[in-house]
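Notes follow once the structure below has been shown.
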Amino acid sequence: MRVSAHCSLRMTPRYAHSILVLAFTTLLLAGCGKFESSPYATHTPNAPVHSNLTNIERLAAREPFDDDTVTIVFTGNPQRFYEEQELIVAKANTIPNVDLFILAGDIADFGLMQEFLWVHERMERLNMPWFAVIGNHDMQANGRLIFQQLFGPLDFSFTYKGYKFLFHDTNGREYGHNGTAPRIGWLADQMADTVPDHFIAVSHVPPFNGDFDPALVQPYTQQLSSDERTILSLHGHTGSHVDEYLYGDDVRYMVCNAMYWPVFHVLRIHGGQVEVEAMNYRE
C-alpha cells in the first residue's frame, strides 16, 4: 500500500473560492468557540491514526458470520450532515450480520481537521469495521494530508471472504487532470493477484463524471473489465443513487446517495451476485 506523492496545494480558482469560504467559516466558528486550533492544522494530539488500516485488522480478527455472504452498508458524502450521519449509524447498527461499512468520500467539506474528526467520532459508534475513501472535498486546503494522517494511504486493498476490495483515489480534477489519478498501474498490480475470487473497486468520483480525468476514463474502465472477477465499482460524489452497467462489460457501477437523502443501501453479495436493499434511516 503506497501513498501518492502529490502533497502540494494548487491555487486554482476553485481552491481560491474554497479558501475564501474557509476563512469566513473560520472567523464565524471561532467566534462561537467551535475551533480550539488553527483550521489549517494537519495534526491534532490524540487524533486517530490510520483508521482504515486499523479496521482491516479488526475485520481480519473478527469472527466471520456463518455464511458465504458479504453484507455491506454503502453510503457517502457526510460533509456537514452530522445529524443524518448519526441516524445512518444508528440504523446500520440494527442490521444483522453486516460485515463492513463503506464511506465513499467527501468526509469534509472544506478539508478541515475538525470536520474529519466530527465524522470520525460518529463513525466510531458503529458496531462493525468501516472504511473511508478520499473524496474531492477532502482534498481542499490541507485535507489530503489530514486524510492520510487519520485514515492512511489513499490507495489500499484487502481481501475478505474471497473478495478483494480496491480503495483508490479517482479525484482527477484535484490533480489538474494530469494523468496521475487514478493510478492505473496500481490497479493493474492489485488485480494481478490470483487468489481472490472477485474484485470490488471503491473510489469517490465515478468515471462517467466530469471530475474524473477524461484521458483516463477508457484505460480505467478497460482495466476494471480486463478481469472477469471484477463485479462492482462503488462510488460517491454525484449525490444520487446510480446502479448500471455502463461500458458494455460485466462491471456494475454503483453510486451511493449522499447522506442528506434519507435512503442508504445495503449490499448482500453471494457467489459474485449482488443484491441491493434500500433502507430509510428515518423509519
Response to the item:
Non-local residues with an amide H under 5 Å from the amide H of residue 230, with H modelled 1.01 Å from N and Pro and chain starts lacking one, are 199
Worksheet item: How much net charge surrounds residue 143 when only other residues with a Cβ under 11 Å from its Cβ are counted (Lys, Arg +1; Asp, Glu -1)?
Response: -4
Worksheet item: Whose amide H sits under 5 Å from the amide H of residue 75, counting only residues 5 or more places off or on another chain, with H placed in the peptide plane?
Response: 102, 104
Discussion item. In segment 13-280, if the dipole is taken from +1 on Lys/Arg beta carbons and -1 on Asp/Glu beta carbons about the Cα centre, which of 226, 64, 51 is farthest to the positive end?
Written reply: 51
Worksheet entry | Whole-angstrom gap from segment 141-188 to segment 245-271, using each part's C-alpha centre | 19 Å
Item to complete: When a/c is below 1.5 the answer is rounded, else prolate if a/b is larger than b/c, else oblate, so apply that to segment 65-191 with a ≥ b ≥ c taken from the square roots of the Cα gyration tensor eigenvalues.
Response: oblate
Worksheet item: Where does the charge balance sit around residue 59 when Lys and Arg score +1, Asp and Glu -1, over other residues with C-beta under 12 Å from its C-beta?
Response: 0
Discussion item. Report the gain in length on full extension from residue 49 to residue 61: 0.36 nm times residue separation, minus Cα-Cα distance, nm rounded to one decimal.
Written reply: 2.4 nm
Fill in: Simple label model, 7 Å out from Cα along Cβ direction - residue 282 to residue 180, nm
4.3 nm
Practice prompt. Work out the FRET efficiency for residue 159 and residue 208 from their Cβ-Cβ distance, taking R0 = 35 Å, and round it to the nearest 0.05.
Written response: 0.80
Practice prompt. Show the residues, 5+ positions off or on another chain, whose built amide H is closer than 5 Å to the amide H of residue 258.
Written response: 239, 240
Worksheet item: With a sphere of radius 14 Å drawn around the Cβ of residue 261, what net charge do the other residues whose Cβ falls strictly inside it have (Lys, Arg +1; Asp, Glu -1)?
Response: -2
Fill in: Computed FRET value (nearest 0.05) for residue 263 with residue 228, which takes r as the C-beta separation and R₀ as 30 Å
0.45
Worksheet item: Shape call for segment 186-231 from the C-alpha gyration tensor, a ≥ b ≥ c root eigenvalues: rounded (a/c under 1.5), prolate (a/b greater than b/c) or oblate?
Response: prolate
Fill in: Shape of segment 153-283, Cα gyration tensor, a/c cut at 1.5
oblate
Response to the item:
Protection proxy (average C-beta count within 10 Å per residue), highest first, orders 235-242, 144-151 as 144-151, 235-242
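Every number here is computed from the coordinates shown, using simple stated rules; none is lab data. If you're wondering where the values come from, they're calculated on a predicted model, not measured in any experiment. Please note: Cβ atoms are built from the backbone with ideal geometry, for glycine as well, and neighbour counts cover all protein chains shown.
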